[in-house]
Amino acid sequence: MDRIEGLAKLTGAERYVDDLPLDGMLWGMTVRSPAPRGRVTGVHFGSGVDWSEFVVVDHHDIPGDNTVLLIETDQPLLAGEYVRHAEEPIALVAHRSREMVRRAIREIEVTIDPDPPIFDFTAEPTQDQIQHGSDNALKRIDITKGDVDAALVRAARVVEGEYRTGSQEHVYLENQGMIAWEEDGVLVIKGSLQCPFYVLKAAVRALGRDSDHVRIVQTPTGGGFGGKEEYPSMIALHAALLALKAEQPVRIIYDRGEDMRATTKRHPSLVRHRTGVDGDGRLVAQDIDVALDGGAYVTLSPVVLSRGVIHAAGPYACDNVRIRGRAMLTNSPPHGAFRGFGAPQTHFANERHMDVIAATIGIDPDEFRRRNLIVDGQTTATGQRITDGTDRVALLDHALELSSYHERQDKHRSLNASHPYLRRGIGLAAFHHGAGFTGSGEVMLASELHLAGLPDGRIEVLSANIEMGQGTLTVFTKLVCDRLGLRPEHVVIADADTGRVPDSGPTVASRTTMVVGRLVDDSDTGDRVTQAIIDWHVERDEPLVGHAKYEPPPGIEWDETTYTGDAYATYGWATYVAEVEVDLRTYTARVTDFVAVQDVGTVLHETLARGQIQGGVVQAIGWALTEECAWSNGVMQNNQLTNYIIPTSDDVPPIRVSFVENPFAHGPHGAKGLGELPMDGPAPAIANAVARAIDADPRAIPLTPEHLMDLLSNGR
Amino acid sequence: MRHLYPVGRLGFMAPPSKAIEAGASVSLELRVNGEPHAVSVPVHKTLLEVLREDIGLTGTKHGCELGECGTCTVLVDGQPVLSCLALPATLEGHDVTTVEGLESADGLHPLQQTFVELGAAQCGYCTPGFVLAAKALLDDNPQPSRADIETALGGNLCRCTGYLKIYEAVELAAARMRGEPGEPTREMLYGAG
């Protein structure tokens, strides 16, 4: 089956938020804080502009609570007296001419009486830098299994390491944008977003309306990667405030520079490992400390930290594990959801550390992993017993074979000994990714989905899950077709419109296909297809709707207070292998070959699945080698695609994708989540390959030419 | 590692014959997808904005408006041009092609077909720019190598696909346009490995 909306995307017919016509519409823009922390002492409107032509909104115009409701309520919708990060929204301006509003906004000056900011999330805050609790920790999570201290004393060797990753910008090609207007007393907000019900809940709180008087509608979304999980609520409510005050439709579309400067990025991390191994090269103790830079407000940092710490010990069996995690407040713009959600950071540290340990104790990296990968019956760091039948060692061996891992090492040795300036190396990473929400998250979401039989005999799928390029529309259509024996033209997927669809949860966490797709497959319209649907409508004057609600797989138990138990209903498992070439003249590292082997359960749509893996690998290549946010006083300085360098066609190696299918009993047709997995493995595999190529010991990414030069010249 | 279009090299980017005052409005006739469009716009309004806002062709997308991402690529006399950096005042008498003009009386362009079949469009936002840049390549070189394709598409950024499926779609369209077997191989559909 071809992508359902594919042809619309090839003919220009697909309408994204910026493409929608709006009669009598105003362009909105955001007035932002020039300083990272301090008291707002004034907002001065320049005298060269006729402000009577403009609609201006500040925090006094918020009908409900001045907050962007998420986990907490600490983030204001428009800062009133105090700002906690540069680029924080303070006021809004709208005008019918985009050019006029762009010019006018430059004539607004915000003055701030500064307080001391903190930017280093690894440093102890001074008393006057503390802004949250007693120590700026937005969230702490500890995981304990066995007795780490005793095991470290007994261990034959103890190996320590410290690993860092930087922030990463999503670079969805479609910038953030929203439109809002009021229609018969109902506020309609449409835009580029992943989670319509997040926006709805935030709107109810800040606008003081009930959910019958607000509708959130997703428009075709030009890439998300997590960047359109939480931040769209902010823009949606800004557009709403302007539209309500102006009594006219308002459009807010960020340009690239504003989007990169003001919206969320991946959390920077510092992870410390202290690991005990016995004389046979088996892990006996993993003592892990995880710190994330949360930015200025709580936003999603507690759950990013949660996924990060749960994955921090990797896919390995070890009886004694202690993981201490914290997300720290800094005066940077809040870091947020990004494909992988904390796991890429902790997997980078763990998989680079596995190579460091292997080198220290003199075992090959692949053999060291082979001895420690979880086999069925063993438990993860949270004590979850794995019994899924996946042979993780076989996955690793398959990846080594596909990549000619050992043969290439021999070739690299002879090239590296003789070539004047090129060095090659090959590296691997073994890892896992929990599919769906963490812990009891899916139970609390209690996702609901409806299938309706339309009067013309077609089936309509009503869910809140959205298409952003990953293939939701196609997978849902395929599941209905397979289940009911229909053709794609007999299936329609409803717009994700909170006025019509039930809450099937957000489109995040690799959960849409596995959790919500299962509901599509479970819906009780099973035996009533086209003619029966038509007959129903002829005979009766009532809608035909099938319902499905999430039921957790049996035997899943999670204790949120002790962080023990079944952290996820299931995991994707993978081994990735990267080959790199480093040019010693330019200090440039390039990925020359890539192999991705994974078990994501049954593959429902091979073209879409491979597209997800290849795209994720390339996004992770950028994070590993070129993508670096240059911060100064809490502001991203390189907020352009000219100097924030994502992979281009020149940077992409052949990527061989192999699926080892082990069906998951509780996914649709045996499928597990897969969208985030490919973000986890490439960075450590690449860093391990670079280490081999140049006989160095990189502990941080990105490995830009500047950092590689430092590493080779100064050993750091 | 980025190839930007050599916009300045192209003759049609030469300044208009008579001087135009900054901020003035100009009345122009633009030929877009074979149809004439009379527009009256500020002289500094870009081709991207005029196409989208004055002519109503929204298939051409804003990506960065600084000539960095290739998302707004259109064809001018068959050559790829970044419409966010082009001024309509310099384009009278030239042929502009947008994604809406790819389909002909004979039906879809082979590239449109193969991009759908091989999964080369994911979120779809960069797709119009890619497919137009690819058309310019195939019109000029019916049998491009993988390296030719990489170079020709090097000014277009994609964040979803990892580029490989786009290359495969261009290769398959090229084969079909040459009249060679038009069935995608398993390798093209699912990649090697």
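Using the structure shown, decide if A:T602 is among the polar types (S, T, N, Q), more than 7 Å from chain B (Cβ to nearest Cβ) and surrounded by fewer than 24 Cβ atoms within 10 Å (Cβ to Cβ). Considered against the rule, which asks whether it is among the polar types (S, T, N, Q), more than 7 Å from chain B (Cβ to nearest Cβ) and surrounded by fewer than 24 Cβ atoms within 10 Å (Cβ to Cβ), A:T602 comes out as yes.
Within the range A:43-58, not a single residue is within 12 Å of chain B (Cβ to nearest Cβ), at pLDDT below 95 and open to solvent by 60 Å² or more (accessible area, probe 1.4 Å).
Of the candidates A:V284, A:V321, A:V290, the single residue that is touching a Ser or Thr at 6+ places or on another chain (Cβ under 8 Å), touching a residue at least 60 places away in the same chain (Cβ under 8 Å) and not basic (K, R) is A:V321.
Just one of the numbered conditions (1) within 14 Å of chain B (Cβ to nearest Cβ); (2) without any contact (Cβ under 8 Å) to a residue 40 or more places away in the chain; (3) hydrophobic (A, V, I, L, M, F, W, C) is not true of A:A696: (1).
Suppose the filter is open to solvent by less than 10 Å² (accessible area, probe 1.4 Å) and either under 21 Å from B:T151 (Cα atoms) or of a type outside the set (F, W, Y) (or both); does B:T60 pass it? For B:T60, the condition - open to solvent by less than 10 Å² (accessible area, probe 1.4 Å) and either under 21 Å from B:T151 (Cα atoms) or of a type outside the set (F, W, Y) (or both) - is met.
Quick one: would you say B:G162 is modelled with pLDDT of 95 or more, part of a loop (DSSP other than H, G, I, E, B), open to solvent by less than 10 Å² (accessible area, probe 1.4 Å) and within 11 Å of another protein chain (Cβ to nearest Cβ)? Explain how you work it out, then say what you get.
On the way: modelled with pLDDT of 95 or more: yes; part of a loop (DSSP other than H, G, I, E, B): yes; open to solvent by less than 10 Å² (accessible area, probe 1.4 Å): yes; within 11 Å of another protein chain (Cβ to nearest Cβ): yes.
The answer is yes for B:G162.
Among the listed residues A:L292, A:L305, A:L270, identify the single one that is closer than 27 Å to A:D147 by Cβ, assigned to a helix (DSSP H, G or I) and open to solvent by less than 10 Å² (accessible area, probe 1.4 Å). After applying the criteria, what remains is A:L305.
Where in the range A:389-447 are there helices (runs of 4 or more DSSP H), lying wholly inside it, with at least 3 residues that are open to solvent by less than 10 Å² (accessible area, probe 1.4 Å)? Give the steps one after another, and end with the answer.
On the way: elements: A:392-402, A:405-418, A:441-445.
Hits in the range A:389-447: A:392-402.
Looking across the range A:643-660 at every residue that is closer than 17 Å to A:A574 by Cβ and at the interface with chain B (Cβ under 7 Å from one of its Cβ atoms), the one that is most open to solvent (accessible area, probe 1.4 Å) is identified as A:R656. Annotation: of all residues in the range A:531-543 being at pLDDT 85 or above and either assigned to a strand (DSSP E or B) or loosely packed, with under 12 Cβ neighbours inside 10 Å (or both), the one that is nearest to the chain's Cα centre (by Cα) is A:E542.
The residue of the range B:74-129 that is nearest to the other protein chains (Cβ to nearest Cβ), among those that are among the acidic types (D, E) and crowded, with 19+ Cβ neighbours inside 10 Å, is B:E100.
In the list A:P114, A:P63, A:P89, which residue meets the criterion of being in contact with a Ser or Thr (Cβ under 8 Å, 6 or more places away or on another chain) and at pLDDT 95 or above?
A:P89
I'd like the full set of residues that are outside any loop (DSSP other than H, G, I, E, B) and open to solvent by 10 Å² or more (accessible area, probe 1.4 Å), limited to the range A:204-250. Write out each step before concluding.
Within the range A:204-250, the first condition is being outside any loop (DSSP other than H, G, I, E, B), and the residues that meet it are A:204-207, A:211-218, A:231-246, A:250.
A:V204, A:R205, A:S211, A:D212, A:H213, A:R215, A:Q218, A:Y231, A:L244, A:K245, A:A246 - these are the residues of the range A:204-250 that are outside any loop (DSSP other than H, G, I, E, B) and open to solvent by 10 Å² or more (accessible area, probe 1.4 Å).
Is the range A:327-335 home to any residue that is β-branched (V, I, T) and out of contact with any Ser or Thr (no Cβ under 7 Å at 6 or more places or on another chain)? Can you show your working first?
Step one: list which residues in the range A:327-335 are β-branched (V, I, T), which gives A:330.
Checking which are out of contact with any Ser or Thr (no Cβ under 7 Å at 6 or more places or on another chain) leaves us with A:330.
The answer is yes, given that some residue of the range A:327-335 is β-branched (V, I, T) and out of contact with any Ser or Thr (no Cβ under 7 Å at 6 or more places or on another chain).
Of all residues being among the aliphatic types (A, V, I, L, M) and in contact with a helix residue (DSSP H, G or I) (Cβ under 7 Å, 6 or more places away or on another chain) in the range A:623-640, which is nearest to the other protein chains (Cβ to nearest Cβ)? Just the residue, please. Selected residue: A:L625. Note on the range A:16-25: residues that are more than 7 Å from chain B (Cβ to nearest Cβ) and open to solvent by 10 Å² or more (accessible area, probe 1.4 Å) amount to 6. The single residue among A:V617, A:V580, A:V591 that is in a strand (DSSP E or B), within 12 Å of another protein chain (Cβ to nearest Cβ) and either touching a Leu at 6+ places or on another chain (Cβ under 8 Å) or surrounded by 24 or more Cβ atoms within 10 Å (Cβ to Cβ) (or both) turns out to be A:V591. A:R324 satisfies every condition listed in (1) surrounded by fewer than 24 Cβ atoms within 10 Å (Cβ to Cβ); (2) of a type outside the set (V, I, T); (3) not in a strand (DSSP E or B) except (3).
The values are calculated or read from the model by the stated rules, or taken from the named source; none is laboratory data. Because the structure is a prediction, the values reported are computed rather than measured. For neighbour counting, all protein chains shown are included, and Cβ atoms are generated from backbone atoms with ideal geometry for every residue, glycine included. Please note that ligands, DNA and RNA were not included when accessible areas were found on the heavy atoms of the full protein model with its side chains. Shrake-Rupley method; radii C 1.70, N 1.55, O 1.52, S 1.80 Å.
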